[in-house]
Amino acid sequence: MRNSLLNTSKYLSLIGLLILHLSIFAQTDLEKALANDSTANMREEVEATFKTTRIINSQSIETIHKHELDFKVDHRFGDIAGSNGGAANFFGLDNSTDIKIGFEYGISDNLNVGIARAKGATQVSQLYETNLKYRLLRQTVDDKMPLSVTFYTSLTIPGVGADDVNDDMATSYRQFSDRLNVVGQFIIARKFGSNLSVALHPTYIRRNTTASYDDQNDLFAMGIGGRLKVSRRMALVMDYFLPFRSAASKEKYENAITALYNPLGVGLEIETGGHVFNLNFTNATAIQEMQYIPETTSSWTKGQFRWGFTISRRFSLGGKTE
């Protein structure tokens, strides 16, 4: 009986040692797996740097997913104050300086194409636009890639009739190529934590016909935009552009037409399911880059800013979205 108990004790000891060894090995393997998962997670790309493909006036780095269609409506009202605003015009709500309706489609998660029609905010009106947006780089959680970079380009053609009398007018189109306006832009952005995102917009604009005979056909500009999350579904947004005009060009434009100002927009972004509303104030009367960057003629200090909004609604047209 005693030998039987000793043997049983030995077997139990062996089994205990075996279980202990297995648990140690299992724990080691689990730690390795968790470490690998952590490493994999650290290599993940940063999501939702911005919530939509636009900030206010400017583009964001975001693209829509493959097989998605983004329907977007942009609206700019009239001056809130100043000589063209005030109570007589219901603080700008009686007027609209520009309206844009467009569609963007995701060919892939990184490549979008779009079309749009805008009213136009100058004598250059009835604007038809095609655009392309491609994500080149994406910020990663481990900062191996610290920035996101997206390239954006658009071609805009005004449909307004040609002015055959005044050759120095913005609408004196002698041939079709005079109507072409091209924008090329890199959007360079970084998300700082979960609440703050900042973007830079080095931009090139080519206008084959300008508002003034002596104006620059080729113009470079630098923009900055930002998003500050204030709640689960709300964020403050802003953007600003600095055009690099020559002093002589700016002086000639202002002497011939009117003073120029840099476009600044501030707003509130509200997410409600599949809709994103952007309620904003900006001194830019136009929505197209080829107009609001080189030709903003309204000043915040004179009350010449306006209420605007952007509504974005996405639809899935088949295929798997991620």
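Quick note: the coordinates plus some simple rules give every number you see, no bench work behind them. These numbers come from a predicted model, not from an experiment. Please note: Cβ atoms are built from the backbone with ideal geometry, for glycine as well, and neighbour counts cover all protein chains shown.
Some observations on this one:
- Note on the stretch 167-322: Cα Rg divided by 2.2 N^0.38 Å, N the number of residues, gives 1.22.
- Separation between Cα centres of the stretch 254-269 and the stretch 143-167, rounded to whole Å: 18 Å
- The mean sequence distance of close C-alpha pairs (under 8 Å, at least 6 residues apart), as a share of the length of the stretch 234-322, puts its relative contact order at 28 percent.
- Tail fraction, Cα-Cα pairs, the stretch 48-316, threshold 30 Å, whole percent: 27 percent
- Order by protection proxy (mean Cβ within 10 Å, highest first), peptides 282-289, 74-81: 282-289, 74-81
- Positive-end residue, the stretch 48-316 charge dipole about Cα centroid, Cβ charges, pick of Ala248, Gly223, Gly106: Gly106
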